[in-house]
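The values are calculated or read from the model by the stated rules, or taken from the named source; none is laboratory data. Just so it is clear, the model here is predicted, and its values are computed rather than measured. In this analysis, Cβ positions are derived from the backbone assuming ideal geometry, glycine residues included, and neighbour counts consider all displayed protein chains.
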Amino acid sequence: MNKKFLSLIAFVYIAATSNAQIDLPKQPKCGCPPLSLYVYDTKMNFKIDSTVEKDTYPKAKKSGDHLNSVYSKQKSDQLKIVRGSGSGDKISPGSNIDFTSNAEIKRDGNNGEYSYTIDVKLIDASTQAVVVDATQTTHNLSEANAMIDTCVASFSPVLDSAIRNYQKKIRKQSNYTKWVGLQWQSKPDSKNLKKNKATQVTITVTDCIDKKPVTKLPVHISQTDPNTGILNTSFANTNDSGKVAVIFTARNKGETLILPSFSYTSVNGKKITDPTVCADQKITVDEDFPYKIIMDAEYTVDGTGRDIKLHGEC
């Protein structure tokens, strides 16, 4: 039978499948772990001489409040200043106190002809080692607060100068087995892949204080969504540049992050298992062909009056 198409209406739809990468939650500012500095009361190594120190001695004894206010001007996201109580001589092991500071005032001389030495120390709470020590001398006890100002100014900025230099020294003395705060980045050569395609992912581990690479560090490697693909290895050591390279091969549509897992010892001797994430570029896996074609056709067979509808997708 010779069929003649009287009418042919074809509708073609082209729909792009989504390959947009999901926005990631914002990470905390990539920096070193925050530190706490507890400021304690001023220590006086002498009793009051009421004949000449009736007014100045009580004020000097309360100069811990002034020391706290001086430090508080330098507080930041990475340095928390806390006013402690008492002398601060007894710090519980395992506490969250990183550093302590207080002023100590000594008196020399007699018969009212005194000289006073104001000594401001910054101390590592975990070892009681002196980080920095500054002194000033005066013959007028009423100048205690001004002397404290001068002492703190001599090793300021407290975080970037006194504390960071001390941490670098401890790191070096440990032969780089202790670190200030390790951070990592995960960077794929390609962030968008088709099925069965591969890309190299480079993981870099550095110390937060100066981006010094961490070498020969054992790193376990995994991904947030194992269904999206496979890795050529799950364990490696960082090289001389603090890097580990792995190959990710896409298998199924989805989104995944290649991430390292490792622990390290900080400069204060604590074991850290949650290093800072500084870049976490996810990989998006999409279909081999990003478009879907849908066709609907409708026609009538000549002489029969029969209507035929066709539907297809590819």
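For this structure, a couple of remarks:
- Checked against (1) surrounded by 17 or more Cβ atoms within 10 Å (Cβ to Cβ); (2) assigned to a loop (DSSP other than H, G, I, E, B); (3) without any contact (Cβ under 8 Å) to a residue 40 or more places away in the chain, residue 88 passes all but condition (3).
- Residue 73 being exposed (fewer than 13 other Cβ atoms within 10 Å of the Cβ) and at pLDDT below 95: no
- Whenever a residue of the stretch 224-235 is assigned to a strand (DSSP E or B), its partners that are modelled with pLDDT of 95 or more and of a type in the set (S, T, N, Q), lying with C-beta atoms within less than 6 angstrom and at least six residues away or across chains, give the pairs 229/249; 230/249.
- Filtered residues of the stretch 200-235 (kept if farther than 20 Å from residue 277 by Cβ and crowded, with 18+ Cβ neighbours inside 10 Å): 229
- Per the listing 240, 207, 189, the residue uniquely touching a helix residue (DSSP H, G or I) at 6+ places or on another chain (Cβ under 8 Å) and either modelled with pLDDT of 95 or more or among the β-branched types (Val, Ile, Thr) (or both) is 207.
- Candidate set from the stretch 108-144 (those that are exposed (fewer than 12 other Cβ atoms within 10 Å of the Cβ) and among the acidic types (Asp, Glu)); member that is nearest to the chain's Cα centre (by Cα): 108
- Residue selected from the stretch 255-285 under the condition at pLDDT below 90 and in a strand (DSSP E or B), by the criterion farthest from the chain's Cα centre (by Cα): 280
- Counting only strands (runs of 3 or more DSSP E) that sit completely within the stretch 107-216, those holding 1 or more residues that are farther than 26 Å from residue 76 by Cβ, of a type in the set (Val, Ile, Thr) and free of Cβ contacts under 8 Å to residues at least 24 places away in the same chain correspond to 113-124, 130-138.
- Scanning the stretch 236-254 for residues that are surrounded by 18 or more Cβ atoms within 10 Å (Cβ to Cβ) and either under 22 Å from the mean Cα position of the chain (by Cα) or in contact (Cβ under 8 Å) with a residue 60 or more places away in the chain (or both), we see that the one that is nearest to residue 213 (Cα to Cα) is 242.
- In this structure, residue 57 qualifies as in a helix (DSSP H, G or I) and in contact with an Asp or Glu (Cβ under 9 Å, 6 or more places away or on another chain).
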